[in-house]
Amino acid sequence: MRRPVVKLVLLGRVPYAELLALQERWLRLLQAEPATEAPSRTEAGALLLCEPAGPVYTAGLRGGLTSEEVARLRALGAEVQATGRGGLATFHGPGQLLCHPVLDLRRLGLRLRTHVAALEACAVRLCELQGLQGARARPPPYTGVWLGERKICAIGVRCGRHITSHGQALNCSTDLTWFEHIVPCGLVGTGVTSLSKELQRHVTVDEVIPSFLEAFKETYKCTLLSEDNSS
């Protein structure tokens, strides 16, 4: 049986708005396809990867930022963006790997909860491949991947008509001081961390992408097809 095919789109370092625009184009493409064809087709969607070019605070469907907080964060020099993902406020910026899988879950044989669990498993596996042990997923409301009480990977997704968007943000060499201006994901009393902080060396986004792609293919049991048709 052929594995589902996921298009790999490596964007490099780009403005967050550019990632959202590309995500929207892929959403429209998948939503336009006849629903009757979904289970039988092997093309499952796209995996969008990037590193944000600048600091951005995002709010999910449950909000998380008042108008006063938005003004305060913008005064710091950051963008503030409302999104359609689940969850509350978080931060995205340079040194962070953003992964937005735009997928038709029916073609992968997944449900929404198993998709979220698969994203968590990818982040845990990436940590292991980088030599960082002890990363684990926790049940809601602590969705994401943690090292003790320190979150290293935030996850927030959206799903409509079996098609997912948004995804995960893994801190590689992120400036963690940006998180001090919010309550990340609304979780009081918890902290954030990064691969660089835990491994005590500088870890770039480019360094971890091969490990992430390996973990993604293993977890989603799919073939990644890049722009140059390599997997």
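Against the list (1) within 24 Å of GLU79 (Cβ to Cβ); (2) open to solvent by 30 Å² or more (accessible area, probe 1.4 Å); (3) part of a loop (DSSP other than H, G, I, E, B), the condition PRO139 fails is (1). Residues that are assigned to a loop (DSSP other than H, G, I, E, B) and either open to solvent by less than 30 Å² (accessible area, probe 1.4 Å) or under 14 Å from GLY144 (Cα atoms) (or both) within segment 160-176 comprise CYS172, THR174, listed in sequence order. Scanning segment 94-109 for residues that are touching a residue at least 12 places away in the same chain (Cβ under 8 Å) and either open to solvent by 30 Å² or more (accessible area, probe 1.4 Å) or on the phi > 0 side of the Ramachandran plot (or both) returns PRO94, GLY95, ARG106. Taken across segment 177-184, residues that are open to solvent by 50 Å² or more (accessible area, probe 1.4 Å) and either of a type in the set (S, T, N, Q) or under 23 Å from GLU218 (Cβ atoms) (or both) do occur, with at least one present. Checking segment 64-82 against the condition returns no match, with no residue being among the hydrophobic types (A, V, I, L, M, F, W, C), at pLDDT 95 or above and more than 26 Å from PHE179 (Cβ to Cβ). Among the residues here, ALA59 qualifies as within 25 Å of GLU180 (Cα to Cα) and outside any loop (DSSP other than H, G, I, E, B).
The values are calculated or read from the model by the stated rules, or taken from the named source; none is laboratory data. For clarity, every value in this text was computed on a predicted model and none was experimentally measured. Don't worry about glycine lacking a Cβ; one is built from the backbone with ideal geometry, like all the others, and counts go over all protein chains shown. With ligands, DNA and RNA removed, areas are computed over all heavy atoms of the protein, side chains included. Shrake-Rupley method; radii C 1.70, N 1.55, O 1.52, S 1.80 Å.
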